[in-house]
Structure formats: C-alpha cells, structure tokens
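Enquirer: Supplied in structure tokens, the structure appears directly below.
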Amino acid sequence: MDVTAEVIPPDLPGDDRLTTAAEILGLLADRTRLSLLQHLGEGEADVSTLTEATGATRTSVSQHLARLRLAGLVATRKEGRHVIYALRHGHLRRLVTEALNAADHQIRHLAPHD
C-alpha cells in the first residue's frame, strides 16, 4: 500500500504542500509574530491588546499583523473603530502550541516523548 497516497490528498501536489508549509513556518520564525499568534490562539484581540501583551511597539505589531493577514493566517473584523484579529484555523494554534512545547522540552532538558 502506498502511504504517500494516504497522506497527501490527490488534488494537492506534494511540492505545493511543502512550499506552503515552509512559508507558514517561516512566518512563525519571528519572535514577535510567534507571540502574536500565541495570544490570538487564546482568543480575538485588537492591536492595543496585542501591543500590551507582546511588549512590542504598536507599529511593529501592526506590521506583523498585516503580514500574517496577507499570508492568510489571521482574519479580521471591524468592531466600531477597532479591527479585531483572530486565527483563521485551529491548525495554526496547535502548531504554535507544539513549537512552544518543543521549546519547553529543550530549555528544561526534558526527555522526548511521542
């Protein structure tokens, strides 16, 4: 039995899938963006809330959020004069959580597990 056929849907070529995954991981490879995504994994937030939560400047937070939005990783909606940001899907929340869990294991020298 061909395991690859089970993992990769027939309508999504492997190269496109790997390229897209690499782009997503590249966006997560920034401390501020990772922090923003971690906070958005806990729920929706506006720029002011995210600025306070991350400790980054408002300009920096806005620029990172714009990049994440253009990449399709976060969604926006208007609430009065405020723009509210949210993760587009749970896969991203789980990916960020797993990256942070892996970091915990490395920092604390914990034994690996499956």
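The values are calculated or read from the model by the stated rules, or taken from the named source; none is laboratory data. Given the structure is predicted, the values throughout are model-derived calculations rather than measurements. Every residue, glycine as well, gets a Cβ built from its backbone with ideal geometry; the counts of neighbours run over all protein chains shown. Just so you know, the surface numbers come from the protein's heavy atoms only, side chains and all, with ligands and any DNA or RNA stripped out. Shrake-Rupley method; radii C 1.70, N 1.55, O 1.52, S 1.80 Å.
Enquirer: With contacts defined as alpha carbon pairs under 8 Å and 6 or more residues apart, what's the relative contact order of the chain in percent?
Expert: 22
Enquirer: How large is the accessible surface per residue of the chain, computed with a 1.4 Å probe and reported in Å² as a whole number?
Expert: 71
Enquirer: Using DSSP H assignments, which helices in the chain have an axial alpha-carbon span of 20 Å or above and a mean Kyte-Doolittle hydropathy of 0.0 or higher?
Expert: 14-28
Enquirer: Would you mind calculating the relative contact order of segment 23-86 from Cα pairs under 8 angstrom and at least 6 residues apart, reporting the percent as a whole number?
Expert: The value is 35 percent.
Enquirer: Out of these labelled values of Cα Rg over 2.2 N^0.38 Å, (i) 1.20; (ii) 1.24; (iii) 1.38, which was calculated from the coordinates shown here?
Expert: For Cα Rg over 2.2 N^0.38 Å, the calculated option is (ii).
Enquirer: A further question follows. Under the rule of -39500 (n - 2.57) per DSSP H run of 4 or more residues, summed and divided by the residues of the chain, what mean residue ellipticity at 222 nm is obtained, to the nearest 500 deg cm²/dmol?
Expert: Only helices count here, giving -19000 deg cm²/dmol.
Enquirer: Cα gyration tensor of segment 62-114, axes a ≥ b ≥ c as square roots of the eigenvalues: rounded (a/c below 1.5), prolate (a/b > b/c) or oblate?
Expert: Here segment 62-114 falls in the prolate category.
Enquirer: Within 12 Å, Cβ to Cβ, of residue 40, how many net charges do the neighbouring residues add up to if Lys/Arg are +1 and Asp/Glu are -1?
Expert: Residues close to residue 40 contribute a combined charge of +1.
Enquirer: What percentage of the solvent-accessible surface of the chain, computed with a 1.4 Å probe over protein heavy atoms, is contributed by carbon and sulfur atoms?
Expert: It is 53 percent, rounded to a whole number.
Enquirer: On full extension of the chain, what length is gained from residue 89 through residue 49, given 0.36 nm per residue of separation minus the C-alpha to C-alpha distance?
Expert: Fully extending the segment from residue 89 to residue 49 adds 12.4 nm.
Enquirer: If you don't mind, another one. Protein chains only, probe 1.4 Å: how do 87, 18, 36 rank by accessible area, largest first?
Expert: Sorted descending by solvent-accessible area, the residues read 18, 87, 36.
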